[in-house]
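Below: the structure, in structure tokens.
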Amino acid sequence: MKIGELANATATNVETVRYYEKISLLAPPARSASNYRSYSNEHLARLSFIRRARDLGFALEAVRELLTLSDDTGQSCEAVDQIASAHLAEVERKIDDLSALRSELTRVIGSCRHGTIADCKIIESLAPTPQLKGAAQ
């Protein structure tokens, strides 16, 4: 299949397919007589794997490690578990950060009295702290 067909089949941009080839996540495809890239079902499977891993938020280096591990089907999956567990810990950290952000935004929005901008607690909370009177400027 041609690059556009591969891209469409995996919901990937053509430029991204080329990039994955450039960084060796995808093997270079064979070329047709007219020099078009000719992708195989193995390319399709590998790109689908990459896309799914990326959709789950794995970084490219983690995807590279997972691909390398998946190429050796006889080994223990302990290393895969370690990569996935590290990623899960990072996702949980981000969820905690987002929860704290939600709480702060809820607090700030809750302080709104729907008055004028001059009295707006949201604007006040976003503005830099004013300098103290008498402080050197």
Given the conditions (1) under 26 Å from the mean Cα position of the chain (by Cα); (2) surrounded by fewer than 12 Cβ atoms within 10 Å (Cβ to Cβ); (3) among the small types (G, A, S); (4) not in a helix (DSSP H, G or I), which single one is not true for A27? (2)
Give the residue that is farthest from L67 (Cα to Cα), with candidates limited to residues of segment 24-44 that are of a type in the set (A, V, I, L, M) and touching a helix residue (DSSP H, G or I) at 6+ places or on another chain (Cβ under 8 Å). L44
In segment 44-88, what residues are within 12 Å of the chain's Cα centre (by Cα) and outside the structural domain of L26 (by TED's automatic domain parsing)? H87
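Out of A59, A84, A33, A11, report the one residue that is of a type in the set (A, V, I, L, M, F, W, C) and modelled with pLDDT under 95. Step through it out loud before you land on a result.
On the way: A59 fails: modelled with pLDDT under 95; A84 fails: modelled with pLDDT under 95; A11 fails: modelled with pLDDT under 95.
On inspection, the qualifying residue turns out to be A33.
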All but one of (1) modelled with pLDDT of 90 or more; (2) farther than 30 Å from A9 by Cα; (3) among the hydrophobic types (A, V, I, L, M, F, W, C); (4) surrounded by 12 or more Cβ atoms within 10 Å (Cβ to Cβ) hold for L66; which doesn't? (2)
Of all helices (runs of 4 or more DSSP H) fully inside segment 37-119, the set with 3 or more residues that are in contact (Cβ under 8 Å) with a residue 40 or more places away in the chain is 41-55
For segment 88-113, name all the residues that are modelled with pLDDT of 85 or more, over 29 Å from L56 (Cβ atoms) and exposed (fewer than 11 other Cβ atoms within 10 Å of the Cβ). G110
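The values are calculated or read from the model by the stated rules, or taken from the named source; none is laboratory data. Keep in mind the model is a prediction, meaning the values are calculated, not measured. Neighbour counts are summed over all protein chains in view; Cβ atoms, including those assigned to glycine, are modelled from backbone coordinates with ideal geometry.
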